[in-house]
1. As an exercise: evaluate residue 51 against (1) at pLDDT 95 or above; (2) of a type in the set (S, T, N, Q); (3) within 19 Å of residue 21 (Cα to Cα) and give the number of the one condition it does not meet.
2. Can you pull out the residues in region 111-157 that are among the β-branched types (Val, Ile, Thr) and surrounded by 11 or more Cβ atoms within 10 Å (Cβ to Cβ)?
3. So residue 14 fits all but one of (1) over 25 Å from residue 157 (Cα atoms); (2) surrounded by 17 or more Cβ atoms within 10 Å (Cβ to Cβ); what number is the exception?
4. Go through (1) in contact with a Leu (Cβ under 9 Å, 6 or more places away or on another chain); (2) part of a strand (DSSP E or B) one by one and return the number of the condition residue 127 breaks.
5. Just for region 63-94: of the residues that are charged (D, E, K, R) and assigned to a loop (DSSP other than H, G, I, E, B), which one is nearest to residue 37 (Cα to Cα)?
6. Filter region 30-48 down to the residues that are among the basic types (Lys, Arg), touching a Phe, Trp or Tyr at 6+ places or on another chain (Cβ under 8 Å) and assigned to a helix (DSSP H, G or I), then identify the one that is farthest from residue 107 (Cα to Cα).
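The values are calculated or read from the model by the stated rules, or taken from the named source; none is laboratory data. Just so it is clear, the structure is predicted and the values come from calculations on it, not from any experiment. As a convention, Cβ positions derive from the backbone with ideal geometry for all residues, glycine included, and neighbour counts pool all protein chains shown.
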Amino acid sequence: MQEWIIIASADKNWGIGFNNRLLARIPEDMKYVSGKTTGKVIVMGRKTLESFPEGKPLPNRTNVVLTTNTGYTVEGAVVVHSIGQLMDELKDYRGEVYVFGGESIYRQLLPFCKRAYITRFNKEYQADSFLPCLDDIEGWELVKKGEWQKSIKGIEYRFDEYYRSM
């Protein structure tokens, strides 16, 4: 059985990025995300992949890129061009599928997700891409609200978990 899960970092306004970059990169979040996603499938958009160091897929994961650019290819990742093609590609996979962003991918795949791991930053950043506010979507519930911690970079953050009951 597959379980679709959103994984993201967001500021107080659910901002997730600016100019195709994360709003904040803290080592604690990178370790958290790595711990959740290593050995699993991650699904992202082309721009999200291109924002990674050297634009390369993350190691020790099955990287799937969903893009409308039919000429797009990248070594080390599976490229699909529609939700239907994505579902067909993963039809035999049993396990967790992490939705990795960006904004368009989160919006398209949110209906398939039952869980969300959100690293929240206790700050408002300038953002031009956003995650839908799960607090305002019927059926989504904050089931684990983390304690505020201070990153070694001085940024306040916490790890929250949401579940969708519907």
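1. Residue 51 satisfies every listed condition except (1).
2. Once the filter is applied, which keeps residues that are among the β-branched types (Val, Ile, Thr) and surrounded by 11 or more Cβ atoms within 10 Å (Cβ to Cβ), region 111-157 yields 118, 119, 137, 143, 155.
3. With respect to (1) over 25 Å from residue 157 (Cα atoms); (2) surrounded by 17 or more Cβ atoms within 10 Å (Cβ to Cβ), residue 14 is out only on (1).
4. Against the list (1) in contact with a Leu (Cβ under 9 Å, 6 or more places away or on another chain); (2) part of a strand (DSSP E or B), residue 127 comes up short only on (2).
5. The selected residue is 94.
6. Checked region 30-48; the qualifying residue farthest from residue 107 (Cα to Cα) is 36.
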